[in-house]
């Protein structure tokens, strides 16, 4: 409550709150698109990109007079975590490079970076622009601990993003998976979990794939079916199939292993008659 009053005294009405972050009207562009975090002492407007630090006065306590960040040390891409550094070669971040390689992925073809030599950060792009990121913490033993940005850093949330959406190709099959490494291993796109949102579904179909294959983890079969139903309800032009794994996830199976389950899904769909609703599949009797 105290933080609310302080924020309102400085910026006026608080339009939304998420944890320690407050959405207010930007004093520079007047749009209701600024998020302020008094605990971290930072602010950013997602409309005009006005961002910086909040001043502190020993005489008056917390002073919310705005002080822009030094752009020489602040990453120009406000979405990425502060201190982010891109990795181009193994010597840039040996632990991170080796971690990715240990997951069966060639780091040479992955866009990633690090923060304080402790986290591997994977940016997510849409139309070439970084809009989100996800990171994995590293330790003496690789730790599967995922971190996502707060609303202060990203205007879009996890349910708004499809990882590697820019890598999807028109008139090519699209494999939808849960996680970053699933997508990297099988050359697919990830929904950051087993719950697909309408926004994600729209973005997937906007790429005009020849077919959408929902390949969630083995323990998420019902979610694969649900996501497939969502997509089918939004298009009659693109076939959508849920792919059922026996155990594990797509990254465990690898490209060739996953393809075996894809072929099973195609065969069953031909037998049920669903795929025959699409001209390119009408008359097909089996799979090679």
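We did not get these values from a lab; they are worked out from the coordinates using the rules stated. Everything numeric in this text was worked out from a predicted model, so none of it was measured. So basically every Cβ, Gly included, is an ideal-geometry build from the backbone, and we count neighbours across all protein chains shown.
Tabulated data for the structure shown
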item: Residue order, fewest to most surrounding Cβ atoms within 10 angstrom, among 110, 121; result: 110, 121
item: More than 20 angstrom apart: percent of Cα pairs within the range 165-281; result: 33
item: Cβ-based exposure ranking for 95, 246, in which fewest neighbours within 10 Å come first; result: 246, 95
item: The range 108-262: relative contact order in percent, alpha carbon pairs under 8 Å with at least 6 residues between; result: 17
item: Spatial separation of Cα centroids for the range 79-103 and the range 161-209, in angstrom; result: 23
item: Rg followed by Dmax, in Å, when the range 215-263 is reduced to its Cα trace; result: 11.4, 32
item: Stokes-Einstein diffusion coefficient of the range 77-124, Kirkwood radius over Cα pairs, 4 °C, 1.567 mPa s, in µm²/s; result: 120
item: Per-bin percent of Cα-Cα distances, the range 168-237 [5 Å]; result: 4, 19, 31, 28, 15, 3, 0
item: Rounded if a/c under 1.5, otherwise prolate or oblate - the range 228-288, Cα gyration tensor axes; result: oblate
item: Cα→Cβ-extended label distance, 7 Å offset, between residue 91 and residue 170, nm; result: 4.2
item: Length gained when the stretch residue 126-residue 103 is fully extended (0.36 nm per residue, less Cα-Cα span); result: 5.8 nm
